[in-house]
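**Q** Handing you a structure now.
The values are calculated or read from the model by the stated rules, or taken from the named source; none is laboratory data. Quick caveat: nothing in here was measured; it's all calculated off a predicted structure. Cβ coordinates were reconstructed from backbone atoms using ideal geometry, including for glycine residues, and neighbour counts include every protein chain displayed.
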Amino acid sequence: MTSPAMKKSRAFSPWPAAVFICLVVLALLFLAPTFGVLLAAMKSTGDIAAGQLWSIPTTLFLDNFREVLANPSVKIYFLNTFLVAVPGTFGSILMGILAGYVFAKLPFRGSNLLFLAIVSGMFFPPQIILIPLFRIFNALGILDTLWPLIIVHIAMGIPICTLLMRNFFATVPNALREAAILEGANEWQVLTRIAIPVSLPALAVLATLQFTWIWNDFLWPLIFTQSDEKRTIMLGLVNLNGQYSVAWGVQGALALMASLPTLIIFLFFQRFFIRGMTMGAVKG
Amino acid sequence: MSEVTLKDIRKSFDGLEIIKGVNLEIETGEFVVFVGPSGCGKSTLLRLISGLEDIGSGSITIAGRDVTRVPPSQRGVSMVFQSYALFPHMSVAQNMSFGLRLAKVPKKEIERKVAEAAEVLQITHLLDRKPKQLSGGQRQRVAIGRSIIRNPNVFLFDEPLSNLDAALRVQMRVEISRLHQEIKTTMIYVTHDQVEAMTLADKIVVLNEGRIEQVGTPMELYRRPANRFVAEFIGTPKMNLFDTELVVPQGGSALVSFGSALIPVDDRVAHLQPGASLSLGLRPENLELGSAADPTTAEARIELVEKLGGESMLHAHFPGSKDLFVVNVAGEAAVRPGETVHIKPDPDACYLFDGNGRAIGQS
Amino acid sequence: MSAPLFRAVTMARRLDTGIMERQNTIWRILLLAIPLAVFSIFIVWPLLNSFYYSFTNWNGFNAEYDFVGLKNFSKVLTTRLFTNAAINTLIWMVAAIVLPSLAGLGLALLLDSKIRGANVFKSIFYLPICLSAIVVGQIWVWIFQPDWGLLNMAISAISGEPFTYAWLAKPGSAIYAVIVAWSWQQTGLSMVIFLAGLTGIPQDLTEVAEIEGATRWQRTWHVVLPLLRPATVVVIALSVINSLKGFDILYIMTGGGPFNSSDTLAMYMYNESFKKYRMGYGSAISVILFLITLTIIFIYFRQLKKVDEIYD
Ligand SMILES: Nc1ncnc2c1ncn2[C@@H]1O[C@H](COP(=O)(O)OP(=O)(O)O)[C@@H](O)[C@H]1O
Ligand SMILES: [Mg+2]
């Protein structure tokens, strides 16, 4: 059935192959830095200093990971980060659900303006509120605890969570809410039994985003914590890198382990993750 | 006894009055259809009755109880939405029992009621499915099932068939009609489709721009439209309306002109001055082809012939006029576009409307 | 900010309000109360306070401080360090817009041609986004490491003689080295936004162009790129905003050095406030940063509106 013309154009098109090769090269370049850390984590400091970082290891060398795991601080850092990231993620999403629901389903005069004001918070550099927050938490006597971090991440998450939840709730037909109300549901029941269950995909998106951001955060723990027992993993990473100043392999193992939770989330929830990023960005 | 009473209902959105004083009595067990063009306020009126929208002023009584300030779920009404509004994450059974579960009705009773309603609607085999797995007609049934299970005093339907294809629409129309005969509960049904209204209703309420134009049985509206709007709205094909004036020859009885012909009109126009402007209404089925020799026929030119098999629609206009009117003739009409014909009106079937569009007398 | 809420409360009190609207009002208040309180207390109030502190000489610890008027601002704006940081911020921003956007666009165009394994490629290019700036910084510190860093090793291998330039320790190259690291991380983000934009382009448009005899380049240049304008606006705005927030990676890679050569406003503000404890002065810097951001957001929203007008 194929006409000669079609055959010809197919046979002569160098495009797919060229594009493919181009992409492979770029992908290798893109992967190289991450791959380097992986390699470093599996080499002894001596090997790295001797210029052996970029060669493929012949034996599985796990001392670096042993070293990291044996360090009691690392456990504390991980625990602290979880203790911040989990409530921070849940808290900010809860705020987004509450506010987003009102903006989507119970709009009132001026609600669009209020919504815009909240969402614009997404765009400001956090440095702007650093000093006053420092003073507030100092006055509350909770500096150098995990509380300021949880609170700040919930508060700073409100703009993006409100934006995404409002946009998602807006796609839930009003008739669903009205049908539920006619069946005797109050607004809270509409929210918990209808709006939230049908928004599970959006919640997955938000949860991956928020968790990643909070996990990776550096600035807030830098400002609000001082003692080693209250540090989160990213801050701890910097600190330990000072401690293992020339132990590159240990640093590599540390960096890998510190990235593990977000890497896992990324690999498992890629679709949600990418969608969240684009949604947050495009709808902004 | 009247089931639903609306007293001077008004409603505005953003300062614009959408419902402009509606008074209506609906009898128990009646099937009432609100019909009117898109945007005339039918849905709004229905939502005011359901309580989803607060009324601006006036009062609503349902089953003898003033429900003006009663929340929607306690008014004893249930509603079927145009989009069905089925909860996508719940199975059919869960959808139907949602209200009962909220009210903490015992499980056994819920199961019994769901089974009963499913039986009536023949959806028992679908109870475990999710709405996504259902066809349009099945979703429709589930939505009705969710209404039935609440055992309401009044069923409200907002254009429930408009998302279905034509064949299914006819089938569901029949089923809704059958359901009404079976359960005999008061139903208020909103549609913009006058055929649906004519076929379903015990009583039709014609709405236009937030006001009731006329209330009556389908045949009353068809035979005795209260005004031009209802006359044009009810009946397919539409009634032809001609702007004309009253002619009273010396010593003779009153006539109105129909193209080149004059139609005698009886004494119902006695109170009008000669020369008063009138609208003459004639349904397509009350016009026929006649011969040139007949003085009661008017000359017209055919623009378009629509052959529908059993009947034909002739679109024609009078010489010197561009306004088309429709003539419905039985069988296959032997005329072609461009041909000049003579149209004979049935003088006993003509409607007259005064300058304000109000019907004059009744024929 | 709470004016609409206040109005809602007074409306609820009016007796002629219907039952639905009254319930809605109660729920609005109940549902919005906590998020608004948190947002107001921990974002809005501190923001206002920043303005206040910028007129004082508070040091961060003492209870008392003096009101110094515009002194902080006049000092900030005339300091060479500020000018330096402002210029670096500008360089940083321009590079952070141009590099990841162009790279992201290129990748998106390549990936859009229904290539085999497109999803794998997408994930690879996107992967750095899920790494923290700290880890990214650390990775690139190694790449730029003078003795065994990947870059210098590659250069040595190509040129045949040992090359040990200390990229991050030389004022001339430090900020650019960080920009490269930053671009590596951010490219994936602009790539997905452009990809989203590309999938929004109806295929018949490019097919029509193909039938009309347009070459692949002509199609891309004259049909695809103009239609990507909305995505472009988003990418650029996002790059600007993200780059303004770019603090962590500079902190970890250069700390603003050497000799302040990679100092940005965010960095400068941090050093003044939390290293030198000149909180009033630091607040003045953050107020300036705020005003810059506000200007950019304003332009952003105006652009978005323009785009909406064109494409709606
Ligand atoms: N919630 C609302 N806010 C503002 N205007 C509304 C609202 N609901 C309906 N309207 C307006 O009221 C008029 C009647 O709407 P509706 O009752 O839906 O008409 P229909 O007869 O087609 O069902 C329309 O002009 C519509 O725009
Ligand atoms: Mg309607």
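**Q** Limited to region B:23-32, what total is found for residues that are closer than 23 Å to B:GLN82 by Cα and either assigned to a strand (DSSP E or B) or within 9 Å of ligand 1 (Cβ to nearest atom) (or both)? Talk me through it step by step, then tell me what you get.
**A** Residues of region B:23-32 that are closer than 23 Å to B:GLN82 by Cα, as a first pass: B:26, B:29-32.
From what's left, either assigned to a strand (DSSP E or B) or within 9 Å of ligand 1 (Cβ to nearest atom) (or both): B:26, B:31-32.
Result for region B:23-32: 3.
**Q** (1) buried (at least 19 other Cβ atoms within 10 Å of the Cβ); (2) assigned to a helix (DSSP H, G or I): which one isn't true of B:LEU168, the others all being true?
**A** Every listed condition holds for B:LEU168 apart from (1).
**Q** Hey, another quick one. Among the residues of region B:233-245, is any closer than 29 Å to B:LEU16 by Cα and touching a residue at least 12 places away in the same chain (Cβ under 8 Å)? It would help to see each step written out before you state the result.
**A** Going through region B:233-245, the residues closer than 29 Å to B:LEU16 by Cα turn out to be B:233-234.
Now drop any that are not touching a residue at least 12 places away in the same chain (Cβ under 8 Å), which leaves B:233-234.
Yes, that holds for at least one residue.
**Q** Condition test on B:VAL206, is it away from chain A (no Cβ under 14 Å) and more than 16 Å from ligand 1 (Cβ to nearest atom)?
**A** Details: away from chain A (no Cβ under 14 Å): yes; more than 16 Å from ligand 1 (Cβ to nearest atom): no.
The answer is no for B:VAL206.
**Q** Taking the residues in region B:164-194 that are over 19 Å from B:LYS42 (Cβ atoms) and basic (Lys, Arg) as candidates, determine which candidate is farthest from ligand 2 (Cβ to nearest atom).
**A** B:LYS184
**Q** Residues that are more than 7 Å from chain C (Cβ to nearest Cβ), more than 26 Å from A:ILE223 (Cα to Cα) and within 22 Å of the chain's Cα centre (by Cα): find the helices (runs of 4 or more DSSP H) completely inside region A:20-131 holding 2 or more of those.
**A** On the way: elements: A:63-70, A:72-105, A:111-120.
Ranges flagged: A:72-105.
**Q** Further question on the same structure: Being in a loop (DSSP other than H, G, I, E, B), surrounded by 15 or more Cβ atoms within 10 Å (Cβ to Cβ) and either more than 16 Å from ligand 2 (Cβ to nearest atom) or hydroxyl-bearing (Ser, Thr, Tyr) (or both): is that true of B:PRO225 here? Don't jump to the end; show me each part of the working.
**A** Details: in a loop (DSSP other than H, G, I, E, B): yes; surrounded by 15 or more Cβ atoms within 10 Å (Cβ to Cβ): yes; either more than 16 Å from ligand 2 (Cβ to nearest atom) or hydroxyl-bearing (Ser, Thr, Tyr) (or both): yes.
Yes; evaluated as a whole, the condition is true for this residue.
**Q** Separate question: Of these, B:PHE98, B:PHE81, which one is away from ligand 1 (no atom under 16 Å from the Cβ), crowded, with 16+ Cβ neighbours inside 10 Å and assigned by TED's automatic domain parsing to the domain that holds B:ASN151? Don't jump to the end; show me each part of the working.
**A** Numbers: B:PHE81 fails: away from ligand 1 (no atom under 16 Å from the Cβ).
Sole residue among the options that is away from ligand 1 (no atom under 16 Å from the Cβ), crowded, with 16+ Cβ neighbours inside 10 Å and assigned by TED's automatic domain parsing to the domain that holds B:ASN151: B:PHE98.
**Q** Here's something else I'd like to know. Quick one: which of B:ASP158, B:ASP193 is within 16 Å of ligand 1 (Cβ to nearest atom) and surrounded by fewer than 22 Cβ atoms within 10 Å (Cβ to Cβ)? Walk me through it before giving the result.
**A** Working: B:ASP158 fails: surrounded by fewer than 22 Cβ atoms within 10 Å (Cβ to Cβ).
None of the others qualify; the one that does is B:ASP193.
**Q** Moving to a separate point now. What is the residue count in region B:46-74 for residues that are away from ligand 1 (no atom under 16 Å from the Cβ) and touching a residue at least 60 places away in the same chain (Cβ under 8 Å)?
**A** Qualifying residue count for the region: 3.
**Q** Hey, B:SER12 hits all of (1) away from ligand 2 (no atom under 16 Å from the Cβ); (2) outside any strand (DSSP E or B); (3) more than 26 Å from B:GLY99 (Cβ to Cβ) but one; which does it fall short on?
**A** So B:SER12 meets the others, but not (2).
**Q** Answer yes or no: is there a residue in region B:259-268 that is closer than 30 Å to B:SER12 by Cα and in contact (Cβ under 8 Å) with a residue 60 or more places away in the chain. Please lay out each step first, then the result.
**A** Looking only at region B:259-268, we keep the residues that are closer than 30 Å to B:SER12 by Cα, and these are none.
Looking through region B:259-268, none of the residues is closer than 30 Å to B:SER12 by Cα and in contact (Cβ under 8 Å) with a residue 60 or more places away in the chain.
**Q** Could you run through region B:176-190 and say how many residues are more than 16 Å from ligand 1 (Cβ to nearest atom) and either within 14 Å of chain A (Cβ to nearest Cβ) or crowded, with 16+ Cβ neighbours inside 10 Å (or both)? Give the derivation first.
**A** Applying the first criterion (more than 16 Å from ligand 1 (Cβ to nearest atom)) to region B:176-190 yields B:176-187.
Add one more test, that the residue is either within 14 Å of chain A (Cβ to nearest Cβ) or crowded, with 16+ Cβ neighbours inside 10 Å (or both), and what stays is B:176, B:179-180, B:185-187.
Residues meeting the conditions: 6.
**Q** Could you pull out every one of the helices (runs of 4 or more DSSP H) wholly within region B:33-137 that has 1 or more residues that are within 16 Å of ligand 2 (Cβ to nearest atom)?
**A** On the way: elements: B:42-50, B:92-102, B:107-121.
Correct list: B:42-50.
**Q** Is it true that C:TRP142 is closer than 22 Å to C:MET93 by Cβ and within 10 Å of chain A (Cβ to nearest Cβ)?
**A** Details: closer than 22 Å to C:MET93 by Cβ: no; within 10 Å of chain A (Cβ to nearest Cβ): yes.
No; evaluated as a whole, the condition is false for this residue.
**Q** How about region B:133-152: which of its residues are within 30 Å of B:GLY64 (Cβ to Cβ) and surrounded by fewer than 18 Cβ atoms within 10 Å (Cβ to Cβ)? Reasoning before the result, please.
**A** Just the residues of region B:133-152 that are within 30 Å of B:GLY64 (Cβ to Cβ), to begin with: B:143-152.
Listed by number, the list holds a single entry, B:ASN151.
For every residue, the table says whether it meets (1) away from every other protein chain (no Cβ under 11 Å); (2) aliphatic (A, V, I, L, M); (3) exposed (fewer than 14 other Cβ atoms within 10 Å of the Cβ).
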residue: C:ILE158; (1), (2), (3): yes, yes, yes
residue: C:THR164; (1), (2), (3): yes, no, yes
residue: C:SER190; (1), (2), (3): no, no, no
residue: C:LEU198; (1), (2), (3): yes, yes, no
residue: C:THR232; (1), (2), (3): yes, no, no
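**Q** A further question follows. What number goes with the only condition from (1) surrounded by fewer than 21 Cβ atoms within 10 Å (Cβ to Cβ); (2) at pLDDT below 85; (3) farther than 19 Å from A:LEU28 by Cα that C:MET153 does not pass?
**A** Just one mismatch for C:MET153, condition (3).
**Q** Now for a separate question. When you look at B:ASP14, is it away from ligand 1 (no atom under 16 Å from the Cβ) and either touching a residue at least 12 places away in the same chain (Cβ under 8 Å) or not hydrophobic (A, V, I, L, M, F, W, C) (or both), yes or no?
**A** Working: away from ligand 1 (no atom under 16 Å from the Cβ): no; either touching a residue at least 12 places away in the same chain (Cβ under 8 Å) or not hydrophobic (A, V, I, L, M, F, W, C) (or both): yes.
When the stated conditions are applied, B:ASP14 does not pass them.
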